[in-house]
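Structure, as structure tokens:
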Amino acid sequence: MSPKRTTPTIVMTGTPGVGKSTHAQLLVQEASVPLKHINIGDLVKEKNLYESYDEDWQSYEVDEDKLLDELEPDASAGGVILDWHTCEIFPQRWVDLVVVLRCDHTRLWERLEARNYPLKKIQENNEAEIMEVVLDEARSSYAKEIVIELQSEGTQDLESNVARIVEWIKAWQEDQAQ
Ligand code: DAT
């Protein structure tokens, strides 16, 4: 049996550029419990949790075993937001909520252009968003009750999404306390 957490582990996922980090940062500020935001991309670079780097795609080939070992203590204890563009790697026993952020693909294209991504990387991500790749992955990896899909077009969405997650955390904690 998994240990009982007193604060949840939340996976914040979605195609690059949908707003995961922006949501996670605001959630850390707004939540009534302490939450640690773990940006997996940054962690992978910081702790050398990769096997190689692809110049063409400007992306790291992650060493998944090393990454999971690194995350285990925090993620199993709870009180963390795991922010990454993929989610199926995280074991179900860690995860209390999966938030899949979505964004209109033309808006996403602009956000990724602003990051100076190579064109093929913008195209690949744009297509992935249209095809709902991350949403499908979340739905096939976790119980459907814990997967929520939220739009992330602008600041109104951001604020209402974060408020909704804050309320979800309170309800989750009440449930756990029973
Ligand atoms: P991700 O972490 O999913 O790669 P991000 O949080 O870095 O994405 O956001 C990419 C850019 O888009 C950044 O400039 C903030 C902006 N953005 C994303 N979602 C937004 C939202 N709901 N409201 C306003 N800006 C948003």
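The table below gives the values:
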read-out: Residues that are of a type outside the set (Ser, Thr, Tyr), closer than 14 Å to residue 17 by Cα and either part of a loop (DSSP other than H, G, I, E, B) or more than 14 Å from the ligand (Cβ to nearest atom) (or both), drawn from the stretch 134-170; value: 153, 154
read-out: Hey, residue 144 of a type in the set (Lys, Arg) and within 18 Å of the chain's Cα centre (by Cα) or not; value: yes
read-out: Residue count, the stretch 20-41 (criterion: among the aliphatic types (A, V, I, L, M), assigned to a helix (DSSP H, G or I) and more than 8 Å from the ligand (Cβ to nearest atom)); value: 4
read-out: Candidate set: the stretch 109-134, residues that are in contact (Cβ under 8 Å) with a residue 60 or more places away in the chain and aliphatic (A, V, I, L, M); chosen: the one nearest to residue 9 (Cα to Cα); value: 134
read-out: Residue list for the stretch 88-142, restricted to those being in contact with a strand residue (DSSP E or B) (Cβ under 9 Å, 6 or more places away or on another chain) and among the charged types (D, E, K, R); value: 96, 102, 104, 121, 129, 132, 137, 139
read-out: Unique match (being in a strand (DSSP E or B) and surrounded by fewer than 16 Cβ atoms within 10 Å (Cβ to Cβ)) among 52, 76; value: 52
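Readers should treat all values here as calculations from the given coordinates under stated rules, not as data from a laboratory. Keep in mind it's a predicted model, so treat the numbers as computed, not measured. Don't worry about glycine lacking a Cβ; one is built from the backbone with ideal geometry, like all the others, and counts go over all protein chains shown.
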